[in-house]
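Right, one structure below, let's go through it.
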Amino acid sequence: MTFKKVPSTEIGRQKIRIMKILKVLFLIIFTLVVCSDVLSQNFRKTKFGDNIQSVKSKEGIPINEFTREMDSSISIVYTDKLEGINTYVIFTFKDKKFIRGAYDLSNSESLNALSFTQYKLIEEWLIVKYGKPTISIDYRSNPNFNKEVQLASEWSLGEMKISHTLFTSNFHLIDYNYERK
């Protein structure tokens, strides 16, 4: 039995091909892990449908808890920072299940300076996290200017809808809603 001698350049090319294949496989696995992590958490560390105790165990002690009489929903509120901006973090429960999360960025000390610069900063953060929005509207350039809303974007991700809105009154909200289909 004789073996054909393979030139060292051919061995080098095979090693390079194998390394490229391994890099591609690594990127695919990494992407799947990251995507599954993002999809398994609907809002912060929680999933829609979690109960109040589960959210409290992940988020800690809330600064406020209240029940809305008109629809019997319960909300718990935390404070945090989002991209360096002070915010209220609101979890809303209906029938003891988590159905809505929101960041209310309107409590910033620099409320007057919040407007467009911070809206765009948060918009970029959302795009990095969720991709391009399904809808993005600058109402200021619209001749039929919506008097309540200045800027708005929306993402539809399966059963989750994310709305990012800057209202005329500098009320700045990111709203995560569960929409059962």
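The values are calculated or read from the model by the stated rules, or taken from the named source; none is laboratory data. Computed from a prediction, not measured in an experiment: that's the story for all the values here. Methodologically, a virtual Cβ is constructed for each residue, glycine included, from the backbone with ideal geometry; neighbour enumeration extends over all protein chains shown. Surface accessibility is based on the protein's heavy atoms, side chains included, excluding ligands, DNA and RNA. Shrake-Rupley method; radii C 1.70, N 1.55, O 1.52, S 1.80 Å.
Looking at LEU114, is it within 20 Å of ILE174 (Cα to Cα), in a helix (DSSP H, G or I) and either open to solvent by 50 Å² or more (accessible area, probe 1.4 Å) or at pLDDT 90 or above (or both)? It is false that LEU114 is within 20 Å of ILE174 (Cα to Cα), in a helix (DSSP H, G or I) and either open to solvent by 50 Å² or more (accessible area, probe 1.4 Å) or at pLDDT 90 or above (or both).
Test VAL77 against the criterion of being of a type in the set (A, V, I, L, M), open to solvent by 80 Å² or more (accessible area, probe 1.4 Å) and either over 18 Å from the mean Cα position of the chain (by Cα) or at pLDDT 90 or above (or both), and give yes or no. No: the conditions fail for VAL77.
Of the residues making up segment 136-180, those that are modelled with pLDDT under 75 and more than 30 Å from LYS47 (Cβ to Cβ) are ARG140, SER141, ASN142, PRO143, ASN144, PHE145, ASN146, LYS147, GLU148, THR168, SER169, ASN170.
Pairs meeting the criteria (first residue in segment 117-136 and touching a residue at least 40 places away in the same chain (Cβ under 8 Å) and under 17 Å from ASP175 (Cβ atoms), second residue in a loop (DSSP other than H, G, I, E, B) and of a type in the set (Gly, Ala, Ser), beta carbons under 8 Å, at least 6 apart or on different chains) are GLN118/SER108.
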